[in-house]
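Chemist: Okay, here's the structure, questions in a sec.
Where a number appears in this text, it was derived from the coordinates with a stated rule and is not lab data. Being a predicted model, the structure only gives us computed values, none of them experimental. Every residue, glycine among them, receives a Cβ derived from its backbone with ideal geometry; neighbour counts consider all protein chains shown.
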Amino acid sequence: MALILNEEQQLLKESADGFFAEKAPITQLRGLRDSADETGYSAELWAEMAEMGFAGLLVDEDNGGTDFGLVGAGIVAEAMAKTLTASPFLASSVMGASVIKAVGSEEQKQAWLPQIATGETIITLAIDEAAHHDPVKTVLKATKTDSGHTLSGMKTFVCDGHVADTILVLARTSGEAGDRQGLSLFSVDRGAAGLIVDRTIMADSRNWAKLTFEGVTVGADALVGAEGAALDAIEPALDNARIIIAAELLGIAQECLDQTVGYLQERKQFGVVIGTFQGLQHRAAHLFSEIEVTRSAILKALQVADAGGDVRWFASLAKAKAAKTAELATNEAIQMHGGIGMTDEFDIGFYIKRARILQALLGDYNYHADRFAACSGNALSINQLFGEKQCLIA
């Protein structure tokens, strides 16, 4: 399969780029940050995104979506990244929709997917309990009762958890921390008795949540998928989200390069435009090449996911490579802007903050480099896997 966008996908890219540039400039994020907005995004913008069909890209047409697939969602995520658009797209339209499609019953799909597609309902995923992503170490306990289950424990780093209508919670129904089996998924209303939602404003000025479950009781119908086998069942959905996160990191890297090149062409030192300095040209060229390699890795992963193949290898490659490229791009952008790069007057500092959050979400570079090696059936070192001089696209 060619690593290029088809005509329909190219039209979506042009539409998304134009929409976010006009409707969600970075000044909107500044406004949300300065006002410490409790929602964390513009409800009006989210409604417009839903009208554009962006909220239902992964939802089939029978349930009110556009069914554009992962490539389409990746295109929109990259466009959003360029203006740092705040919205529940990743939480609900990607993570929520992917998980429900993967393990939800027909009744649950019919109840939730149309609401996700219209943007009326926000559904997020609560999976992590520590600073580093590692769902097999889940300890949040789901104790069986006569009418359902009682949930006790804590979840952290929950994307848009403070505003989500429904939270899909990974909980342990049997076994011990470290066991892949014995994990189940439950739907919990944000207003459920015993659920404490602590809003957290992260470095990227977005709102995340820490959730504490103090004996939260849910009925038998709250179980999503088969009991005890949730992790293996939702792994492909998690990989979908990881690739979309990689696409957002790609958008950040590309915008950092574009803004930095523009600055190099304007800034003068000793009466000379600094973009003429060979050392800076080499750094910009190196960053350009890394971004293009990353773009290929992500598009390949998106295509494999849409085709329904085993995407684990590709997802970890895309996430790990995007994390490193975004780190390089944001660091280079700050350095080549000089000290002003981190001042609030310039926008470039916002990109490094968003990138650092996304780099950790659903597995950082080390997590995915190790996973990539495991999927490859060998034990290559991280440097061997993702050396700066290597391209791992098959």
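Chemist: Can you give the FRET efficiency for GLU292 and GLN335, using 1/(1 + (r/R0)^6), R0 = 22 Å, r = Cβ-Cβ distance, to the nearest 0.05?
Modeler: After rounding, the FRET efficiency stands at 0.60.
Chemist: Given R₀ = 45 Å, what would the calculated FRET efficiency be for SER105 paired with SER376, taking r from the Cβ atoms and rounding to 0.05?
Modeler: Working: r = 35 Å, r/R0 = 0.78.
FRET efficiency, SER105 to SER376: 0.80.
Chemist: Here's another thing I want to ask about it. For the charge dipole of the chain, defined by +1 on Lys and Arg C-beta atoms and -1 on Asp and Glu C-beta atoms about the Cα centroid, which residue among ALA237, SER205, LEU58 has the Cα displaced farthest towards the positive pole?
Modeler: Value: SER205.
Chemist: Something else about it: Mind checking which lysines have their C-alpha under 24 Å from LYS82, skipping anything on the same chain fewer than 8 residues away?
Modeler: Qualifying lysines at Cα under 24 Å: LYS13, LYS23, LYS300, LYS319, LYS321, LYS324, LYS353.
Chemist: Now, a different point. For the residues ILE340, ILE244, ILE123, what sequence is obtained by ranking on other C-beta atoms within 10 Å, fewest first?
Modeler: Values: ILE340 13, ILE244 32, ILE123 24.
By the 10 Å Cβ count, ascending: ILE340, ILE123, ILE244.
Chemist: Right, next: Provide the gained length on full extension for the span GLU48 to GLU266, in nm with one decimal, where the gain is 0.36 nm per separating residue minus the Cα-Cα distance.
Modeler: Working it through step by step, the gained length comes to 74.9 nm.
Chemist: Mind ordering 200-206, 342-348, 83-89, 222-228 by average Cβ neighbours within 10 Å, highest first?
Modeler: 83-89, 222-228, 200-206, 342-348
Chemist: Quick one: which of 270-278, 133-141 comes out on top by average Cβ neighbours within 10 Å, and what's the full order, highest first?
Modeler: Put in order of decreasing packing, that is 133-141, 270-278.
Chemist: Across region 134-146, in residue order, what do the Karplus-derived ³J(HN,Hα) couplings come to in whole Hz, using 6.51 cos²θ - 1.76 cosθ + 1.60 with θ = phi - 60° and x for Gly and Pro?
Modeler: These are the phi-based 3J(HN,Hα) values: 6, x, 5, 8, 4, 10, 3, 9, 10, 9, 5, 10, 5 Hz.
Chemist: Once you place label points 7 Å from the Cα toward the Cβ at PHE277 and ASP221, how far apart are they in nm?
Modeler: According to this spin-label approximation, the distance is 6.6 nm.
Chemist: So what is the orientation-averaged projected area of region 212-316, using the convex hull of its C-alpha atoms, in nm²? Show your work: numbers first, answer last.
Modeler: On the way: hull surface 45.1 nm².
For region 212-316, averaging the hull's shadow over all directions gives 11.3 nm².
Chemist: Arrange the peptides 49-57, 13-21, 108-116 so that the one whose residues have, on average, the most other Cβ atoms within 10 Å appears first. Intermediate values should be presented prior to the final figure.
Modeler: Numbers: 49-57: 22.6, 13-21: 17.2, 108-116: 19.9.
Per-residue mean Cβ counts within 10 Å order the peptides as 49-57, 108-116, 13-21.
Chemist: Mind checking the angle between helix 312-337 and the chain's longest principal axis? C-alpha axes, 0 to 90 degrees, to the nearest 10.
Modeler: 40
Chemist: List every residue whose amide H lies under 5 Å from the amide H of ASP364, counting only residues 5 or more places away in sequence or on a different chain, with H placed 1.01 Å from N in the peptide plane.
Modeler: HIS133
Chemist: Please compute the Kirkwood hydrodynamic radius of region 7-121 from all pairs of different C-alpha atoms, in Å with one decimal. List each step's numbers first, then the result.
Modeler: Details: mean 1/r = 0.0697 Å⁻¹.
Result for region 7-121, one decimal place: 14.4 Å.
Chemist: Here is a follow-up. Eight or more residues apart or on different chains, and alpha-carbon atoms under 20 Å: count the Lys pairs in region 103-261 matching that.
Modeler: 6
Chemist: Mind giving me the FRET efficiency for ASP344 and THR143? R0 is 51 Å, r the Cβ-Cβ distance, nearest 0.05 is fine.
Modeler: 0.60
Chemist: Just rank CYS256, CYS375, fewest to most, by other beta-carbon atoms within 10 angstrom.
Modeler: Working: CYS256 29, CYS375 16.
With the fewest neighbours first, CYS256, CYS375 line up as CYS375, CYS256.
Chemist: Further question: Taking neighbour Cβ counts within 10 Å as the exposure measure, how do ASP34, ASP160 sort from fewest upward?
Modeler: Starting with the residue having the fewest Cβ neighbours, the order is ASP34, ASP160.
Chemist: Can you divide the C-alpha Rg of the chain by 2.2 N^0.38 Å and report the result to two decimal places?
Modeler: 0.98
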